[in-house]
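A short write-up of the structure that comes next.
The values are calculated or read from the model by the stated rules, or taken from the named source; none is laboratory data. Predicted model, so just to flag it, every value in this text is computed and none were measured. Here the Cβ positions follow ideal geometry from the backbone for every residue, glycine too, while neighbour counts run over all protein chains shown.
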Amino acid sequence: MRFKTGLIAVCGVFLVGVSAPAGTASSTNQVVKGRFSEFSAGIDRDFDIWGPVRLTIGEDWTSVRANAKGLEPSTTYTSHLHESACSDADGGGHYKNDPAGPPAPPNELWLMFHANSAGSAHDSSSAPWVVRDGARSVVIHDTDGARIACADLFVE
């Protein structure tokens, strides 16, 4: 099950001027940011991927919003929160809320990028859990699963 933008808007967590869900002080939210850049090794296509990523951690939720440009037009890409920095094993494994749990939402935080005719895409998603220390990057996967771009996450 994936939590899409509609749910995020209902919770009051749409990331433009971050606001917390009702009853949660916005000062308790932690924001980490990053910028996509493409991986240069092991990619058989020429991409020029870039764009911002914003991860917001609330009292009992985590949300991510990202924009990507330089993708192949009219193509869908998956993207996930990863355990490691981009320079460490290309982001390491997928971050899981329950490390022994399934490799899918709601145990993982996923984005789906549907690139438009100009190769631009955006998505947002949220999870009903607080990310632990250890989530270090967001990785975009090509249609064949290869890692094509990564954004390290840094505290704002």
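Quick look at the values:
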{"quantity": "Where a residue in the stretch 63-79 is touching a residue at least 12 places away in the same chain (Cβ under 8 Å) and surrounded by 24 or more Cβ atoms within 10 Å (Cβ to Cβ) and its partner, wherever it lies, is in a strand (DSSP E or B) and among the charged types (D, E, K, R), with Cβ under 9 Å and at least six apart", "calculated": "63/54; 64/54; 64/123; 66/54; 66/123; 68/123; 79/123"}
{"quantity": "Residue count, the stretch 105-132 (criterion: over 16 Å from residue 64 (Cβ atoms), touching a strand residue (DSSP E or B) at 6+ places or on another chain (Cβ under 6 Å) and buried (at least 17 other Cβ atoms within 10 Å of the Cβ))", "calculated": "1"}
{"quantity": "Qualifying residue in the stretch 38-45 (condition: in a strand (DSSP E or B) and modelled with pLDDT under 95)", "calculated": "yes"}
{"quantity": "Given (1) at pLDDT 95 or above; (2) part of a loop (DSSP other than H, G, I, E, B); (3) buried (at least 17 other Cβ atoms within 10 Å of the Cβ), number of the condition residue 135 does not satisfy", "calculated": "(1)"}
{"quantity": "Sole residue being under 26 Å from residue 30 (Cα atoms), modelled with pLDDT under 95 and surrounded by 14 or more Cβ atoms within 10 Å (Cβ to Cβ), chosen from 142, 90", "calculated": "90"}
{"quantity": "Given (1) touching a helix residue (DSSP H, G or I) at 6+ places or on another chain (Cβ under 9 Å); (2) surrounded by 14 or more Cβ atoms within 10 Å (Cβ to Cβ), number of the condition residue 51 does not satisfy", "calculated": "(1)"}
